[in-house]
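All remarks here apply to the structure that follows.
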């Protein structure tokens, strides 16, 4: 007897720890780390973003998504990276999202490809690799949805 496999949404597009000002004037090569902790036993997540640009993007402009799990000593997330010009270690990078060529003041939006989540507590970080700073009032919106695979659908 064949069975059907289906995605099962657990959390559907909800805030994931960033506030709208986390990305204001965020320089290229810098990252914003979510201020609150996400706690989940789900297996997968998609993260969506909407931001306002502070300059003109190019064909090689992109954003990186990092997932910083709570360490075994329960004192830091990932390698301890905080919002600023130092990016997390490369192995915490889970996805990238290219953006269209757009001018200053334009809004960009997208969804990072689905990523595998660590069990338990973690924080998200997003790195600006656009080659330009974000707008002084980037009006960021970052949300996620988490899901699993149902093997008995």
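Observations on the model:
- Filter result (surrounded by fewer than 20 Cβ atoms within 10 Å (Cβ to Cβ) and either modelled with pLDDT under 90 or more than 19 Å from the chain's Cα centre (by Cα) (or both)) within the range 53-67: 55, 56, 58, 59
- From the list 94, 123, the lone residue that is farther than 18 Å from residue 23 by Cβ and within 13 Å of the chain's Cα centre (by Cα) is 94.
- Taking the range 83-102 as the range and being more than 14 Å from residue 129 (Cα to Cα) and loosely packed, with under 14 Cβ neighbours inside 10 Å as the test, the residues that pass are 89, 91.
- Out of 96, 39, one residue alone is modelled with pLDDT under 90 and either assigned to a loop (DSSP other than H, G, I, E, B) or in contact with a strand residue (DSSP E or B) (Cβ under 9 Å, 6 or more places away or on another chain) (or both). It is 39.
- Contact map, the range 73-86: first residue at negative phi and at pLDDT 85 or above, second residue surrounded by 14 or more Cβ atoms within 10 Å (Cβ to Cβ) and not in a loop (DSSP other than H, G, I, E, B), Cβ cut-off under 6 Å, separation 6 or more or different chains; pairs are 77/68; 77/70; 77/123.
Residue-wise test of (1) assigned to a strand (DSSP E or B); (2) over 20 Å from residue 146 (Cα atoms); (3) in contact with a strand residue (DSSP E or B) (Cβ under 8 Å, 6 or more places away or on another chain).
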| position | (1), (2), (3) |
| --- | --- |
| 14 | yes, no, yes |
| 50 | yes, no, yes |
| 55 | no, yes, no |
| 82 | no, yes, yes |
| 104 | no, yes, yes |
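- Residues of the range 128-145 that are surrounded by 22 or more Cβ atoms within 10 Å (Cβ to Cβ), part of a strand (DSSP E or B) and at pLDDT below 95: 134 alone.
- Of all the numbered requirements in (1) under 15 Å from residue 129 (Cβ atoms); (2) out of contact with any helix residue (DSSP H, G or I) (no Cβ under 7 Å at 6 or more places or on another chain); (3) in contact (Cβ under 8 Å) with a residue 24 or more places away in the chain, residue 66 misses one, and that requirement is (2).
- Answer from 88, 69, 113 - the residue that is outside any strand (DSSP E or B), in contact with a strand residue (DSSP E or B) (Cβ under 7 Å, 6 or more places away or on another chain) and closer than 24 Å to residue 8 by Cβ: 113
- Within the range 72-96, the set of residues being closer than 17 Å to residue 116 by Cα and out of contact with any helix residue (DSSP H, G or I) (no Cβ under 7 Å at 6 or more places or on another chain) comprises 77, 90, 91, 92, 93, 94, 95, 96.
The values are calculated or read from the model by the stated rules, or taken from the named source; none is laboratory data. All values reported here derive from a predicted model rather than from experimental measurement. Note that we place each Cβ from the backbone using ideal geometry, even for glycine, and neighbour counts take in every protein chain shown.
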